[in-house]
Each structure stands twice: as structure tokens, then as C-alpha cells.
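Reviewing the structure listed below.
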Amino acid sequence: MLTPFFLLSLFPSPCLPSLPSLGSQGQFPLTQNVTVVEGGTANLTCRVDQNDNTSLQWSNPAQQTLYFDDKKALRDNRIELVRASWHELSISVSDVSLSDEGQYTCSLFTMPVKTSKAFLTVLGVPEKPQITGFTSPVMEGERMQITCKTSGSKPAADIRWFKNDKEVKDVKYLKEEDANRKTFTVSSTLDFLVDRSDDGAVLSCRVDHESLNSTPQIAMQVLEIHYTPLVKIISSNSWPEEGQSIVLTCESKGKPVPEPVLWTKDGGELPDPERMVVNGRVLSISFLNKTDNGTYRCEAKNPIGRNSTEYVLIVHDVFNTLLPTTVIPSLTTATVTTNVALTASKTTSATAISTRDPNAFAGKTGPDHALIGGIVAVVVFVTLCSIILLGRYLARHKGTYLTNEAKGAEDAPDADTAIINAEGSQVNAEEKKEYFI
């Protein structure tokens, strides 16, 4: 309670004489506006550059005197004196509330009294955000609508949505004034269709406000999306041949995790379980043959649904590489010892080699029919030449026998003598041998 002496000092009576100072006209109090977070401490300072022992006073928005020089006038434990001198009067207000906001006045008691205003702004701290409307798990293709809300902010806070650190712009923002008509409740609604790529994504609701000192408040939720399996078959052999083996792996991804996969061939069960072994998601086929050709299907399912994919298996013939060095021995084995046949064999072999298809070994097309035909032609030609030479040889020898027989019968008087002369001629003929080259 203010004493009569204090009131008399605060409001001088006109009956009392006043002694104005010659330098009073150069005196003027200086103050600054102050912004403080609710619950913090506000420091109010009033300075006078030139003062001739004139009193200073701080008063609140209700025009209640807080301090007159170094004397406390209002019983409020939150208000403390910081510094009091002829040139400065500083006070502090701790645990500031929204009701403390307003215009504070510093008065310099000259004639006339000079004042300076300082506005105290109190920032309302937003409450921790809350996310509502969130359900888990969510089925793929469903629409999700979730809301982030915070109250008690002054001025109104800003809410932003993020999905895996990437900001989502398409949101609905709403601001409402609280019952105290000082703070605000703000909300932001995110509406979108979910798919399997959203599974495991982190949704973040971030509240930005100047009272948070660059440290936003964040609420997070992790999405759990259930979806049908995604199936893919991976082959271990890109060019399967007869006699080889192949491993087909069925990769299936879904949520919940798919059950063990089902392997089928051409719409039915696997025909040869001894060679076609299923181990979990892997199908192994050993000793491939042409009967293994067909369409293999892998099917996976979970409580959400099922999915399948196919792989067409084509078993190729075994590729035998025929090197040029293997052709030469097959040609030389048919060479005849006669000069004529040998020349023909060499000529034909050269022709066969020179006319061979240069692209015979370019790809996996099976035996080289042109090369085989050339070899067969050479063998047939050599055989025919051998038969012709043998025939001529036999014909010449037969002619020599007949000639000797005729020579023995020219001088014989009768048949018996002719036979005897012919035998003698044959004996002499052994000494005369004919050779054909």
C-alpha cells in the first residue's frame, strides 16, 4: 500500500513550489520494446543521458507504479530491481504470462513530466503437435487422411508436413482463436492415396514458431502398407543346352511376407520330380533335354492377394566346334598311291577347302553340311578313279595273254603243236614283263 509521503512524492501538489532546472529541457527518457517467450523473464530499461537528480518511474499497462527510483511500489514477487541511478532505472519481470503483455511507461519527473513507452510482447509457445486419424496397417490403394494439431501459439504457429524428409505441399491449413482470445489453435490435414512405395515411409508434422528458437516441435508416424506380392523369376543360365542344368529363382516381395511359392509347368505339376527339385523359392533342373521345354510358372500369395509370373525354357542343341585342323586328316586318308589319283586328290582337297562356307562356325547352327558334302565327293571321286585304273590294268594283262597265245599258234601245223608252242611262248613271256605307269 502506498504511503501518503510516497503519493505526495509521486504526484507533487501545485501548492508546493517547484524549482525547474535550467537543463531540464534537454532531458528525455529512452526505452525499447521487449519481446519475451511466455514463462521467460523480461528486462525493462529506462535511460536518461542528462539528469539533474530527477526521479524515474516504471508503471505497467494498468498504470500501476512498479518502481519509483529504487523503491518498489507494487507487491509482486516477480518484479525485481536490476539497476537504479540518476541516469538509469532497470527492472525485471520473471515468469511472464500472456496477461503481462502491453505498454509499459517510463516517467521522468521534470516540469512538465516526460514519458517514454515500451511495449512488452509475450509469445505463446505452441504445444507439442498431435497426429490424429492415423491407422496402421493400411491396405494399398486406400486413402489416408491424417491431421496434425497444436494449440497455445501466439502468434499462430506454422505447420509443415514431410515424407522421408521431403516436404509435402498439398495440405489443408486451418487456424482458430482460443477461448482466451490471445492464442491460436492451428491444424493441417494431409490427404493422399497410399501405395507399396509408402511402406516404411516416415511422416513428420513439424511446427515452426518464433518462440521455439529455431528448434521446431516434431511429431512422427511410420507408415505400414500391406500389398499383394510382386513376383520375378531369375535364371542362372541364359543359353541352356542339352545335358546342362539350370536354376530358376522366384523372387517374391509382399507384405505380409508371401507364403512358400508354387512351381508349375505348362499349367500342371512338374513332370519329373527326380530331376526337377524345388527347394523353397528355387527350382533346379538337371540334365536338360528337349522334353523340358515349356512355360514354368511361379505363384506367390499372402493374405492380401496372389500374383504370378512365367519363364519360357528353351533347351538348345549341344554346340560342337569343328576346328579346321580336323579336316586335313580326313582328306589325306583317302589319298591313292598312283600319281594320277594323288594329283586329283590334292586338287579336289584344295577345292573343297577353298569353297568351304566362311561362316560355317559363326554361330550355333549344327553340323556344316557343305563340308561333309565336300568330303563325301572327294572319297567318291577317289574310289571311282581307283576302279577305273584297276579295270585298265586287268584289261592290259588280258590282252597280253591273248597276243602270246596267238603267236604260238602261227607256225604250228596242227592244234596239238600250237598248244605246245603256246606253252613255250608263255615261258618266254615271263621274261618279258610289261609295266604300265
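The values are calculated or read from the model by the stated rules, or taken from the named source; none is laboratory data. Just so it is clear, the structure is predicted and the values come from calculations on it, not from any experiment. Please note: Cβ atoms are built from the backbone with ideal geometry, for glycine as well, and neighbour counts cover all protein chains shown. Quick note on the areas: whole protein, heavy atoms, side chains included, nothing else; ligands and nucleic acids left out. Shrake-Rupley method; radii C 1.70, N 1.55, O 1.52, S 1.80 Å.
Total residues in the range 80-103 satisfying the condition of being within 13 Å of residue 43 (Cα to Cα), open to solvent by 10 Å² or more (accessible area, probe 1.4 Å) and of a type outside the set (D, E, K, R): the figure is 4.
Among the residues of the range 215-222, is any more than 21 Å from residue 37 (Cα to Cα) and surrounded by 13 or more Cβ atoms within 10 Å (Cβ to Cβ)? Even if it seems obvious, please write down each step before you answer.
Taking the range 215-222 as the starting set, the residues that turn out to be more than 21 Å from residue 37 (Cα to Cα) are 219-222.
Those left that are additionally surrounded by 13 or more Cβ atoms within 10 Å (Cβ to Cβ): 219, 221.
Yes: one or more hits.
Please list, ordered by residue number, the strands (runs of 3 or more DSSP E) wholly in the range 49-116 having 1 or more residues that are within 60 Å of the chain's Cα centre (by Cα) and within 15 Å of residue 31 (Cα to Cα).
Values: elements: 56-59, 65-68, 79-84, 88-93, 102-108.
Counting at least 1 such residues, we get 88-93, 102-108.
In the condition set (1) in a strand (DSSP E or B); (2) in contact (Cβ under 8 Å) with a residue 24 or more places away in the chain, residue 277 is compliant with all but (2).
Among the residues of the range 149-163, count how many are more than 35 Å from the chain's Cα centre (by Cα) and in a strand (DSSP E or B).
Going residue by residue through the range 149-163, those that are more than 35 Å from the chain's Cα centre (by Cα) are 150-157.
Restricting the remaining residues to those that are in a strand (DSSP E or B) gives 150-154.
Of the residues in the range 149-163, 5 are more than 35 Å from the chain's Cα centre (by Cα) and in a strand (DSSP E or B).
Just one of the numbered conditions (1) farther than 30 Å from residue 164 by Cβ; (2) open to solvent by less than 30 Å² (accessible area, probe 1.4 Å); (3) among the charged types (D, E, K, R) is not true of residue 266: (2).
Tell me, yes or no, whether the range 149-162 has at least one residue that is surrounded by fewer than 20 Cβ atoms within 10 Å (Cβ to Cβ), of a type in the set (Ser, Thr, Tyr) and over 23 Å from residue 122 (Cα atoms). The answer is no, given that none of the residues of the range 149-162 is surrounded by fewer than 20 Cβ atoms within 10 Å (Cβ to Cβ), of a type in the set (Ser, Thr, Tyr) and over 23 Å from residue 122 (Cα atoms).
If I go through the range 133-148 residue by residue, how many of them are among the polar types (S, T, N, Q), surrounded by fewer than 16 Cβ atoms within 10 Å (Cβ to Cβ) and either part of a strand (DSSP E or B) or in contact with an Asp or Glu (Cβ under 7 Å, 6 or more places away or on another chain) (or both)?
In the first step, residues of the range 133-148 are kept if they are among the polar types (S, T, N, Q); the result is 135-136, 145, 147.
Next, from what is left, pick out any that are surrounded by fewer than 16 Cβ atoms within 10 Å (Cβ to Cβ): 135-136, 145.
Now restrict to residues that are either part of a strand (DSSP E or B) or in contact with an Asp or Glu (Cβ under 7 Å, 6 or more places away or on another chain) (or both): 136, 145.
Going through the range 133-148 one residue at a time, the tally reaches 2.
With the requirement that a residue be more than 30 Å from residue 300 (Cβ to Cβ) and hydrophobic (A, V, I, L, M, F, W, C), what does the range 180-229 give you? Scanning the range 180-229 gives 184, 186, 190, 205, 207, 212, 218, 219, 220.
When the residues of the range 19-39 are filtered to those that are outside any loop (DSSP other than H, G, I, E, B) and more than 54 Å from the chain's Cα centre (by Cα), which remaining residue is modelled with the highest pLDDT? Only one residue fits best here, namely 30.
Put simply, of 92, 9 the only residue that is modelled with pLDDT under 95 and small (Gly, Ala, Ser) is 9. For residue 307, the conditions (1) surrounded by 15 or more Cβ atoms within 10 Å (Cβ to Cβ); (2) under 30 Å from residue 126 (Cβ atoms) all hold with the exception of (2). Residues in the range 164-208 that are in a loop (DSSP other than H, G, I, E, B), farther than 14 Å from residue 152 by Cα and touching a residue at least 40 places away in the same chain (Cβ under 8 Å): 3 in all. Residues that are at pLDDT 95 or above and either among the polar types (S, T, N, Q) or within 21 Å of residue 185 (Cβ to Cβ) (or both) within the range 156-169 comprise 156, 157, 158, 159, 160, 161, listed in sequence order. How many of the residues in the range 51-68 are surrounded by 15 or more Cβ atoms within 10 Å (Cβ to Cβ) and without any contact (Cβ under 8 Å) to a residue 40 or more places away in the chain? Of the residues in the range 51-68, 2 are surrounded by 15 or more Cβ atoms within 10 Å (Cβ to Cβ) and without any contact (Cβ under 8 Å) to a residue 40 or more places away in the chain.
Considering only residues that are open to solvent by 50 Å² or more (accessible area, probe 1.4 Å) and without any contact (Cβ under 8 Å) to a residue 40 or more places away in the chain, look in the range 223-246 and name the one that is nearest to residue 133 (Cα to Cα). So the residue we want is 234.
Can you go through 295, 355, 321, 365 and tell me which one is loosely packed, with under 14 Cβ neighbours inside 10 Å, at pLDDT 90 or above and either among the aromatic types (Phe, Trp, Tyr) or within 57 Å of the chain's Cα centre (by Cα) (or both)? Full working, then the answer.
Details: 355 fails: at pLDDT 90 or above; 321 fails: at pLDDT 90 or above; 365 fails: at pLDDT 90 or above.
Step by step, each of 295, 355, 321, 365 is checked, and only 295 is loosely packed, with under 14 Cβ neighbours inside 10 Å, at pLDDT 90 or above and either among the aromatic types (Phe, Trp, Tyr) or within 57 Å of the chain's Cα centre (by Cα) (or both).
Has the range 173-180 got at least one residue that is in contact with a helix residue (DSSP H, G or I) (Cβ under 9 Å, 6 or more places away or on another chain), open to solvent by less than 30 Å² (accessible area, probe 1.4 Å) and not acidic (Asp, Glu)?
Kept after step one, since they are in contact with a helix residue (DSSP H, G or I) (Cβ under 9 Å, 6 or more places away or on another chain), are these residues of the range 173-180: 180.
Those left that are additionally open to solvent by less than 30 Å² (accessible area, probe 1.4 Å): none.
No, every residue in the range 173-180 fails to be in contact with a helix residue (DSSP H, G or I) (Cβ under 9 Å, 6 or more places away or on another chain), open to solvent by less than 30 Å² (accessible area, probe 1.4 Å) and not acidic (Asp, Glu).
Yes or no: the range 110-124 includes at least one residue that is out of contact with any Asp or Glu (no Cβ under 9 Å at 6 or more places or on another chain), among the aliphatic types (A, V, I, L, M) and open to solvent by 30 Å² or more (accessible area, probe 1.4 Å). Scanning the range 110-124, I find at least one residue that is out of contact with any Asp or Glu (no Cβ under 9 Å at 6 or more places or on another chain), among the aliphatic types (A, V, I, L, M) and open to solvent by 30 Å² or more (accessible area, probe 1.4 Å), so the answer is yes.
Figure legend. Inter-residue proximity from the range 263-274: first residues farther than 16 Å from residue 288 by Cβ and among the polar types (S, T, N, Q), second residues open to solvent by 40 Å² or more (accessible area, probe 1.4 Å) and part of a strand (DSSP E or B), beta-carbon distance below 8 Å, spacing 6+ or different chains. Indicated pairs: 264/297; 264/299.
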